[in-house]
Amino acid sequence: MVFSPLIEGGTTQLPVLIIRLILLVGVGSWLLIGLCRSRLSIPRTGLWWPIAAFLGWSGFSLMWSPYTSVSLQWFLSLLLYAVFFLMILLTADRERRVQGFLFLILLMGIFEGGLGIIQYLWSGESRAKGTFFNPNFFSTYETVSVLLAMSLLWFGGEYGKIGKPFLIVTATISGTAVILAQSRGGAAAFLIAITAVGYFKYGKSTLFLLLILILGTILLPNPLKQRVMDVGKQDPYAYTRIEIWEDATKRLRDHPMGIGLGMYKYASFQYRFPIEDAIVRYGKRAETAHNEYLQLAVELGIAGLTFFLLSIAVWTTEITRTWKTDLPQQSRGQLVGLCAGVLASIVHATVDSVLHEPALVLLLLLEGGLAVALGRQARGIQADQWCVSPPYHIARIILVVVALGAMAYLAIQPAAAWLLVNQGNSAQAEHDNVSAIKWYRYASMADPGATAVRDGLARLCIQRFMETRAPEWLEQAASEMAVAMALNPLDGRLPYRLGTIYLLQAEQPAWAAHKISLTAQATQAFEKSISVDRFSPFGYFELSKLYRGKGDRTSAQQLLEQAITHEPNFIPARVALMDMAREIGHTDIARMQLTAIQTIRWKFQDWTLTSMEQQFLGIQPPKS
């Protein structure tokens, strides 16, 4: 819970490193102390079996992941989430400790909610977001807080003189923050979860509360209602979730065993979807499924989704068993509040990527773990544990230390690379490319599997070549880009950029003897780019120029026609087709292309263009 303010503005490397190291220290201490005492105790729960199966399948999926470095980082995150769940069960073994965790949830809700309200009312933010970079994530966080507070209020209990006012303040602040976050998915999750809380307290009459809340949202002026009404005008891509889910379903059909942990974003080049009225028709890539269950199925296959849903089912079974016990009214309020928060999170996960935010996953695990801990206390089985008594041996201690060291190294890698890259970017901003290259090289050593670092280093080498005209910089750029392409074969931009570097090398007098081989390598790179990202016109365009230079006009024409089939507004390809038609005397075809070019430019003449759109309309030449 206390980690959430660290997740500031989406820059998560440093806070995630802190979270990971704290969890590693926690589990390491538990293991080492247990091994030294020859006794390891794990709270008994049926959840460990589906969790172990899910983690096992996730680890097995590393075998076919095309980008192993990223998948390994995601697998480490899953392992540490399981460690966090274990820490909750180990520490929440008494009622006062559970109450302490509940107080922490409410206190953080007040802090985040208050900050979000200040942002909306006085800082000019269009949507409250607290310390989160995404208001939708902030909405989920605050929903959990308001649900817990309202459940404790409705079910009653002894909270002292300031307890009830504290709960009322928490519910008011967090509830207001949910509205000001203006999250449609978050609002739906809140309505469903608050209805569940009311149902368990008041029965079916709560359905009237749901109806009143819905009507109030529709009829009364409020920021959420205004956003729902305006979103279609403000964002032409606002109603594409159905297309994104259809796209995810297609990916699942193509890869029923999954494409690899964390690979949804990287496989998106092969699954672009068209926006017909846009200049760049296939400019959109669904980097998330906007549905965590679909995304999980795409990445880990049907088996991975099954194990995950089985974990939820087993948890639900345990909570149902707890509910049927003779719980005090106050404990029922705590249990319902925690479960409502879990319900809100898993409902919101059907329309947003809330489980990709570490703070929300930790919050979800905290609530789920506390609910299980309440059940263990209610049934008087908090002492029921699996005990392992391995005899003390120094080899076991060394093995644990080595394993923890390896995981710490993996945890440090991306954060260290991020810090070094920031140093390189600062040097580059000061036009010191030599120092920038040095820092990027350090980053590539810190995290050898990061393609973004290799790509950035290659770009710096090209800039250095432009400054010095020394050809060895191009050779280094080609080497770094080739490594990046090998690390991540799913990114169609990397082979395209590699092809442009080979062409630049072929133009240099120092490489004149290798011009034919460099041109051949460029051809292969552009062909690879097309095979990986078949909707991008740039690979077709550059490859057509190479074929045209060799006199193969037929192949060049076919490539250009493929380019404008996917992207009708890509004017550079139409200009090339027009020139080729004029060269062979096909004036009618040339006029047709000229008319199309003029029509396209007239249609979009009043648009404010991005750099990519300028390239499409021929205002700027295509870039690498």
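The values are calculated or read from the model by the stated rules, or taken from the named source; none is laboratory data. All values derive from a computational prediction rather than experimental measurement. Every residue, glycine as well, gets a Cβ built from its backbone with ideal geometry; the counts of neighbours run over all protein chains shown.
Filtered by the rule that a residue be buried (at least 20 other Cβ atoms within 10 Å of the Cβ), free of Cβ contacts under 8 Å to residues at least 60 places away in the same chain and assigned to a loop (DSSP other than H, G, I, E, B), region 264-288 gives Tyr264, Ala286. Between Val342, Val361, the distinction of being at pLDDT 90 or above, buried (at least 22 other Cβ atoms within 10 Å of the Cβ), of a type in the set (Val, Ile, Thr) and assigned to a helix (DSSP H, G or I) belongs to Val342 only. On the stretch given as region 576-609, residues that are buried (at least 17 other Cβ atoms within 10 Å of the Cβ) and either assigned to a loop (DSSP other than H, G, I, E, B) or in contact with a Gly (Cβ under 7 Å, 6 or more places away or on another chain) (or both) total 0. If you check Pro572 against the conditions, is it of a type outside the set (A, V, I, L, M), surrounded by 14 or more Cβ atoms within 10 Å (Cβ to Cβ) and part of a helix (DSSP H, G or I)? The answer is yes for Pro572. Residue under question is Ala427, and the condition is that it be part of a helix (DSSP H, G or I), touching a Leu at 6+ places or on another chain (Cβ under 6 Å) and at pLDDT 90 or above; does it hold? Spelling it out, it is not the case that Ala427 is part of a helix (DSSP H, G or I), touching a Leu at 6+ places or on another chain (Cβ under 6 Å) and at pLDDT 90 or above.
crowded, with 17+ Cβ neighbours inside 10 Å and not hydrophobic (A, V, I, L, M, F, W, C) - does that describe any residue in region 403-414? Looking through region 403-414, at least one residue is crowded, with 17+ Cβ neighbours inside 10 Å and not hydrophobic (A, V, I, L, M, F, W, C). In summary, Glu125 fulfils each of the numbered conditions (1) touching a helix residue (DSSP H, G or I) at 6+ places or on another chain (Cβ under 7 Å); (2) over 25 Å from Gln330 (Cα atoms); (3) modelled with pLDDT of 90 or more; (4) not hydroxyl-bearing (Ser, Thr, Tyr) with the single exception of condition (3). Considering the conditions (1) in contact (Cβ under 8 Å) with a residue 12 or more places away in the chain; (2) in a loop (DSSP other than H, G, I, E, B), Leu559 is excluded by exactly one of them, (2). Scanning region 153-172 for residues that are in contact with a helix residue (DSSP H, G or I) (Cβ under 7 Å, 6 or more places away or on another chain) and within 17 Å of Leu191 (Cα to Cα) yields a total of 2.
Conditions tested, residue by residue: (1) in contact (Cβ under 8 Å) with a residue 40 or more places away in the chain; (2) buried (at least 22 other Cβ atoms within 10 Å of the Cβ); (3) outside any helix (DSSP H, G or I).
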position	(1), (2), (3)
Ile501	yes, yes, no
Gln505	no, yes, no
Ala513	no, no, no
Gln524	no, no, no
Arg534	yes, no, yes
Glu542	yes, yes, no
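For region 56-72, a residue qualifies if it is under 19 Å from Glu357 (Cα atoms) and crowded, with 19+ Cβ neighbours inside 10 Å, and the qualifying residues are Ser58, Val70, Ser71. Scanning region 486-499 for residues that are surrounded by fewer than 18 Cβ atoms within 10 Å (Cβ to Cβ) and assigned to a loop (DSSP other than H, G, I, E, B) turns up just one, Pro489.
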